[in-house]
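Trainee: Below is the structure I would like to discuss, written out as structure tokens.
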């Protein structure tokens, strides 16, 4: 069991200011666990313990308040799992309890993840009325054969109906797509993209299907996965089609129209702070002299029990100075436009010399470029992002 964060001893870092803070709320249940998913999600079975889980989230928040006291929250993200399994009344209660305990920015972005398999007409409008400002719809594909291969519970018709309602209810909504699917070729991807872009989404997220350890696909890989060359051609196609549709690629997997970038995810990528509540949720919290990562109890029943006892955190780790360059670059280098030089110092508490040898190597290899007070990945660096990030691993890592 993790001990609470104590500030009685002086940490190793010196942060001149705390970074922006956001809130993540994890609702861990799905109708069915997808074979590729390695998130902390659990099949709902006969029903959701909605009231009990919301009680646990409230207790978790109240126990965490001393660690973020007085800090404003710029965005709230309700993820899962499939949060749209919860009732609009439950989401309304959750957001009301957050507002009563945390100071939210006046323009606070509130995102809810939803899947077409939980779609009911007018349900999305009810989420909007509860205070959600941005909906992210987990379509993954508009092709019935691909959806079956991915183990999704919805079909293409339900996907279109869900996006139609999202567009009617929200000024900003996101469509999640996946590519490099079993049996997918370039024409198949082009059809999927065309159907997604026909809805003129303000935001589009496109993810490469990867085989993650511990998933059903890891033990029984699907046949017909595209090879690396075809997957690279697919990514080129995605870049071309999204740009032609007026969407700017601002992060590895994220494309948006002006004014519709995801505030919450931008905070992750800029090495901001986030308080994560819910089963298995992760937090990154900065203090004047340290940066701490926390993880909540993963199994929902254990989480609810421990949260009620004021012990929702299962483990925590104070980041060392040696770890911070990689931790920072793992996030910030995902941004297509790079990041301001001062973030390295302000958000890690380290001097610029901690980064200098690795930055110089990245420049020599043609992966990074200093531009008007920013570090920006080159086109080659963006294509070989993991290689660039690995330069910043601590010695022996």
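Trainee: Going through segment 30-70 one residue at a time, which ones are in a loop (DSSP other than H, G, I, E, B) and more than 30 Å from residue 148 (Cβ to Cβ)? Show your work before the answer.
Mentor: Going residue by residue through segment 30-70, those that are in a loop (DSSP other than H, G, I, E, B) are 31-41, 44-49, 69-70.
The answer is 49, 69, 70.
The rows are residues; the columns are (1) assigned by TED's automatic domain parsing to the domain that holds residue 188; (2) farther than 27 Å from residue 16 by Cβ; (3) under 22 Å from the mean Cα position of the chain (by Cα); (4) free of Cβ contacts under 8 Å to residues at least 60 places away in the same chain.
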residue: 241; (1), (2), (3), (4): yes, yes, no, yes
residue: 260; (1), (2), (3), (4): yes, yes, yes, no
residue: 284; (1), (2), (3), (4): no, no, yes, yes
residue: 290; (1), (2), (3), (4): no, no, no, no
residue: 293; (1), (2), (3), (4): no, no, yes, yes
residue: 308; (1), (2), (3), (4): no, yes, no, no
residue: 311; (1), (2), (3), (4): no, yes, no, no
residue: 314; (1), (2), (3), (4): no, yes, yes, no
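Trainee: Determine which member of the set 190, 212, 251, 228 is in the same structural domain as residue 159 (by TED's automatic domain parsing) and surrounded by 17 or more Cβ atoms within 10 Å (Cβ to Cβ). Spell out how you get there, then give the answer.
Mentor: Working: 190 fails: surrounded by 17 or more Cβ atoms within 10 Å (Cβ to Cβ); 212 fails: surrounded by 17 or more Cβ atoms within 10 Å (Cβ to Cβ); 228 fails: surrounded by 17 or more Cβ atoms within 10 Å (Cβ to Cβ).
Answer to the selection: 251.
Trainee: Further question: Going through segment 339-349 one residue at a time, which ones are in contact with a helix residue (DSSP H, G or I) (Cβ under 7 Å, 6 or more places away or on another chain) and crowded, with 19+ Cβ neighbours inside 10 Å?
Mentor: We begin by selecting, within segment 339-349, every residue in contact with a helix residue (DSSP H, G or I) (Cβ under 7 Å, 6 or more places away or on another chain); these are 339, 343-345, 347-348.
339, 344, 347, 348, listed by residue number.
Trainee: Taking residue 278 as the residue in question, decide whether it is on the phi > 0 side of the Ramachandran plot, outside the structural domain of residue 39 (by TED's automatic domain parsing) and at pLDDT 95 or above.
Mentor: Working: on the phi > 0 side of the Ramachandran plot: yes; outside the structural domain of residue 39 (by TED's automatic domain parsing): yes; at pLDDT 95 or above: yes.
It is true that residue 278 is on the phi > 0 side of the Ramachandran plot, outside the structural domain of residue 39 (by TED's automatic domain parsing) and at pLDDT 95 or above.
Trainee: Among residues belonging to segment 96-113 that are out of contact with any strand residue (DSSP E or B) (no Cβ under 7 Å at 6 or more places or on another chain) and within 21 Å of residue 171 (Cα to Cα), point out the one that is surrounded by the fewest Cβ atoms within 10 Å (Cβ to Cβ).
Mentor: 106
Trainee: Which condition breaks for residue 373 when tested against (1) at positive phi; (2) surrounded by 14 or more Cβ atoms within 10 Å (Cβ to Cβ)?
Mentor: Of (1) at positive phi; (2) surrounded by 14 or more Cβ atoms within 10 Å (Cβ to Cβ), only one is false for residue 373: (2).
Trainee: Continuing with this model, one more query. Can you name the residue in segment 71-115 that is in a loop (DSSP other than H, G, I, E, B) and under 19 Å from the mean Cα position of the chain (by Cα) and, of all such residues, is farthest from residue 25 (Cα to Cα)? Write out each step before concluding.
Mentor: So the first thing to find is which residues in segment 71-115 are in a loop (DSSP other than H, G, I, E, B), and the list is 71-72, 81-82, 86-87, 102-103, 115.
Pick out the ones that are also under 19 Å from the mean Cα position of the chain (by Cα) and you get 81-82, 115.
Working: 81: 11, 82: 12, 115: 17 Å.
Going through the qualifying residues, I end up with 115.
Conditions (1) in contact with a helix residue (DSSP H, G or I) (Cβ under 7 Å, 6 or more places away or on another chain); (2) surrounded by fewer than 21 Cβ atoms within 10 Å (Cβ to Cβ); (3) part of a loop (DSSP other than H, G, I, E, B); (4) modelled with pLDDT of 95 or more, marked per residue:
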| residue | (1), (2), (3), (4) |
| --- | --- |
| 294 | no, no, no, yes |
| 298 | no, yes, yes, yes |
| 303 | yes, no, no, yes |
| 315 | no, yes, no, yes |
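Trainee: Looking at 241, 261, which is the one that is modelled with pLDDT of 95 or more and part of a loop (DSSP other than H, G, I, E, B)? Before you say what the answer is, go through the steps one by one.
Mentor: On the way: 241 fails: part of a loop (DSSP other than H, G, I, E, B).
Just a single option satisfies the conditions, and that option is 261.
Trainee: Can you name the residue in segment 376-397 that is touching a residue at least 12 places away in the same chain (Cβ under 8 Å) and loosely packed, with under 13 Cβ neighbours inside 10 Å and, of all such residues, is farthest from residue 360 (Cα to Cα)?
Mentor: Ranking the qualifying residues of segment 376-397, first place goes to 397.
The values are calculated or read from the model by the stated rules, or taken from the named source; none is laboratory data. For clarity, every value in this text was computed on a predicted model and none was experimentally measured. FYI the Cβ positions are ideal-geometry reconstructions off the backbone, even for glycines, and counts take in every protein chain you see.
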